[in-house]
Amino acid sequence: MSKSEQHRFKEFQDHLDDDNDEGPNVPTYGSRHSAIDFPKTEFPKESLAPRAAAQMVLDMHQLDANPRLDMASFVTTWMEPEAEQVIAATQNINIVDSSQYPQCVEMDNRCVKMIADLWHAPKPKSDDIKEQTLGTSTIGSSEACMLGGLALKRRWQVARKKAGKPTDKPNLVLGINAQVCWEKFCVYFEVEPRYVPVDDDVPVMQPQNAEKYIDENTIGLVVMFGSTYNGQYEDVEASDKMISKVNKEKGLDVRIHVDAASGGFVAPFIYENIKWDFLLDNVNSINTSGHKYGLVYPGVGWVIWRNNSCVDESLQFHVAYLGTDQISLQLNFSKNANMVAAQYYQIVRLGFEGYRRIMSNLMKVAGHLAEGLLATGHFKLIGHGPGLPVVAFALKDGRTDAKGNDIKYDEFDIMDRLKEYHWQLPAYNLPKNAEHQKMLRVVIREDHSFEMISDLITDMKRVIDWLDHHFVYTEKEMTDLRAKFSADHPDHSKKHKKHYHSPNNKKKAGVC
Ligand SMILES: *Cc1c(COP(=O)(O)O)cnc(C)c1O
């Protein structure tokens, strides 16, 4: 900045510093806070007018992506206006105060019972506490998985102690593709994870490969019912058979936890022929994310046990609730009631038929995307068999570019270019053993219609076309081209220059 320019701006700065007025008549962007570098690490000394503060927060949020175009996420990004009304009406309720808010607690209890029913938990035959359905709302599947894992661990410890055997080396058997919350569980609760390897062809745990990892110190087998990588279901029925066999042969009592974070609200409605829930004898507990295909905004998950006998008494806390005894087993204490109320709304609003309609639409839309991608001739799908409305795909091997050379761009470049069209579509690598395979994933959610996915396919074609024509030049060819363009279009030379990349420079593709 030149001296005179500095002077010009300084005058305004001084003027603003004098004017401390934040009264209601000051225009939102006329507030002095609109023109200062607001402190970011020190606790602010003074207050700020609500309008100015709100605007500051909202402006900061402007640079976040549009959640509905986040094609990677399983988490709900759209709900009906009536649901938003329910959420607004219950957002100042702390659901842990059961005596003040018995109705919200009742909604929670009803959701537990209805989800247990959906998953075929056995109906209690008597009033015996051990036979009663047991489950709880959580903040999400992660908390639900912690609780499921904890119950397995305690169950194993109690049995080992009873038999006079050591309890210092618990292990958990799970696929290397398991969601990160399981790694956390093992670290937080000191359990050795025994990861079953996967491969490119079948990037999920296969029960026949898991068998050899199970021994007397195994607290349980975790089965991903909807692998986060590609949406494929791990085979719970075959896992159940394998566990029955191993338990019999080795005299063990290993149980299964099904991580149905996504699948728990998909499969029951459209895959009625798949056996994956409490109909299988060894399934001890199941979790789901209410905020994934339960169709609720972030902040709710569920864990359900076959019945009360699956959770050792020592983990069950009792709270007085309207003169009765309520069992509590959560990691949190205070929690917003709004997402529980929203889950209750969705279940009564949609019913089985509503969820079925939505989930079958999503499978159709996912099919449309898969077909559209395959039709480009550039992609292959990752994994097969039944699963979630998720399309996991990668560039075909051995593709050549417009000049017949090996392609010089990868899935990460596609991700970067798609951002130009506002799509957030993350690239990543498959887990260990298959990590050389890069891939892209689209999770089809309720608010992704056929039309919207057609737009994504169109933009994907544009991106591929662009990449095919911009990653083909050698350094020399590019220099020549730039020179040619500058000569032909002196005005546009700058613009065009921006769009050419050296193959050696390809990681910068996204910022051009
Ligand atoms: C999303 C997911 C989780 C974690 O769920 P949150 O609700 O985000 O805590 C755990 N397991 C699987 C299989 C998932 O897909």
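The values are calculated or read from the model by the stated rules, or taken from the named source; none is laboratory data. As the structure is a computational prediction, the values presented were derived from the model and not from experiment. Note that each Cβ is placed from the backbone with ideal geometry, even for glycine, and that neighbours are counted across all protein chains shown.
Give the number of residues within the stretch 284-314 that are of a type outside the set (Gly, Ala, Ser) and touching a His at 6+ places or on another chain (Cβ under 8 Å).
Within the stretch 284-314, residues that are of a type outside the set (Gly, Ala, Ser) and touching a His at 6+ places or on another chain (Cβ under 8 Å) number 6.
Only one residue in GLY351, GLY372, GLY367 is touching a Ser or Thr at 6+ places or on another chain (Cβ under 9 Å), in a helix (DSSP H, G or I) and not polar (S, T, N, Q), so which one is that?
GLY372
Could you please find all residues in the stretch 108-149 being of a type in the set (A, V, I, L, M, F, W, C), crowded, with 22+ Cβ neighbours inside 10 Å and outside any loop (DSSP other than H, G, I, E, B)?
If the condition is that a residue be of a type in the set (A, V, I, L, M, F, W, C), crowded, with 22+ Cβ neighbours inside 10 Å and outside any loop (DSSP other than H, G, I, E, B), then CYS111, ILE115, ALA116, LEU134, ALA144, CYS145, LEU147 are the ones that fit.
Since LYS292 meets every condition but one in (1) at negative phi; (2) out of contact with any strand residue (DSSP E or B) (no Cβ under 7 Å at 6 or more places or on another chain); (3) more than 16 Å from the ligand (Cβ to nearest atom), which condition does it not meet?
(3)
Please name all residue pairs, on different chains or six or more residues apart, with Cβ atoms under 9 Å, provided the first residue is in the stretch 81-107 and is free of Cβ contacts under 8 Å to residues at least 12 places away in the same chain and the second residue is among the polar types (S, T, N, Q) and part of a loop (DSSP other than H, G, I, E, B).
Here the result reads ASP97/SER334, each pair linking the stretch 81-107 to a residue that is among the polar types (S, T, N, Q) and part of a loop (DSSP other than H, G, I, E, B).
Can you tell me which residue among ASP416, ASP406, ASP410, ASP447 is at pLDDT below 85 and among the charged types (D, E, K, R)?
ASP406
Does ARG154 satisfy being away from the ligand (no atom under 16 Å from the Cβ), out of contact with any helix residue (DSSP H, G or I) (no Cβ under 9 Å at 6 or more places or on another chain) and in the same structural domain as TYR321 (by TED's automatic domain parsing)?
Numbers: away from the ligand (no atom under 16 Å from the Cβ): yes; out of contact with any helix residue (DSSP H, G or I) (no Cβ under 9 Å at 6 or more places or on another chain): no; in the same structural domain as TYR321 (by TED's automatic domain parsing): yes.
Criteria not met by ARG154.
Mind listing whichever residues of the stretch 110-156 are more than 27 Å from THR228 (Cβ to Cβ) and free of Cβ contacts under 8 Å to residues at least 40 places away in the same chain? Walk me through it before giving the result.
Pass one, the stretch 110-156, residues more than 27 Å from THR228 (Cβ to Cβ): 110, 113, 122-133.
Those that are more than 27 Å from THR228 (Cβ to Cβ) and free of Cβ contacts under 8 Å to residues at least 40 places away in the same chain: LYS113, LYS123, LYS125, SER126, ASP127, ASP128.
Checking the conditions here, which among LEU329, LEU315, LEU280 is away from the ligand (no atom under 16 Å from the Cβ) and surrounded by fewer than 16 Cβ atoms within 10 Å (Cβ to Cβ)?
Result of the check over LEU329, LEU315, LEU280: LEU315.
Restricting the first residue to the stretch 273-294 and requiring it to be acidic (Asp, Glu), which pairs with a second residue that is assigned to a loop (DSSP other than H, G, I, E, B) meet a Cβ separation below 7 Å and a spacing of at least six or different chains?
From residues that are acidic (Asp, Glu), the pairs are ASP277/TRP119; ASP277/HIS120.
Count, please, the residues in the stretch 240-259 that happen to be without any contact (Cβ under 8 Å) to a residue 40 or more places away in the chain and within 15 Å of the ligand (Cβ to nearest atom). Give the steps one after another, and end with the answer.
The initial filter retains those residues of the stretch 240-259 that are without any contact (Cβ under 8 Å) to a residue 40 or more places away in the chain, namely 241-252, 256, 258.
Pick out the ones that are also within 15 Å of the ligand (Cβ to nearest atom) and you get 256, 258.
Count: 2.
Can you tell me how many residues in the stretch 187-234 are within 26 Å of ALA159 (Cβ to Cβ), within 24 Å of the chain's Cα centre (by Cα) and surrounded by fewer than 20 Cβ atoms within 10 Å (Cβ to Cβ)?
Adding up the residues that qualify gives 5.
Do you know which residues across the stretch 88-107 are of a type in the set (Ser, Thr, Tyr) and either assigned to a loop (DSSP other than H, G, I, E, B) or in the same structural domain as GLN326 (by TED's automatic domain parsing) (or both)?
Residues satisfying the conditions are SER98, SER99, TYR101.
Checking the condition within 24 Å of the chain's Cα centre (by Cα), within 16 Å of the ligand (Cβ to nearest atom) and surrounded by fewer than 24 Cβ atoms within 10 Å (Cβ to Cβ), which residue from GLY263, GLY299 passes?
After ruling out the rest, the residue left standing is GLY299.
For the structure I just gave you, tell me whether LEU134 is in contact with a strand residue (DSSP E or B) (Cβ under 6 Å, 6 or more places away or on another chain) and more than 16 Å from the ligand (Cβ to nearest atom).
Numbers: in contact with a strand residue (DSSP E or B) (Cβ under 6 Å, 6 or more places away or on another chain): yes; more than 16 Å from the ligand (Cβ to nearest atom): yes.
Judged against the criteria, LEU134 is a match.
Look at VAL173 and say whether it is in contact with a Phe, Trp or Tyr (Cβ under 9 Å, 6 or more places away or on another chain) and modelled with pLDDT under 95.
no
State the number of residues belonging to the stretch 206-239 that are over 29 Å from ILE444 (Cα atoms) and within 16 Å of the ligand (Cβ to nearest atom). Even if it seems obvious, please write down each step before you answer.
Narrowing the stretch 206-239 to residues over 29 Å from ILE444 (Cα atoms): 208-220.
Filter once more, keeping what is within 16 Å of the ligand (Cβ to nearest atom): 220.
Here the count works out to 1.
Among (1) assigned by TED's automatic domain parsing to the domain that holds GLY323; (2) buried (at least 16 other Cβ atoms within 10 Å of the Cβ), where does LYS161 come up short?
Status for LYS161: all satisfied but (2).
Being within 16 Å of the ligand (Cβ to nearest atom), assigned by TED's automatic domain parsing to the domain that holds TYR293 and in contact (Cβ under 8 Å) with a residue 12 or more places away in the chain narrows it down to one residue among PHE269, PHE189; which is it?
Numbers: PHE269 fails: within 16 Å of the ligand (Cβ to nearest atom).
Unique residue meeting the criteria: PHE189.
Quick check, is ASP455 modelled with pLDDT under 90, over 30 Å from GLU183 (Cβ atoms) and out of contact with any helix residue (DSSP H, G or I) (no Cβ under 6 Å at 6 or more places or on another chain)?
no
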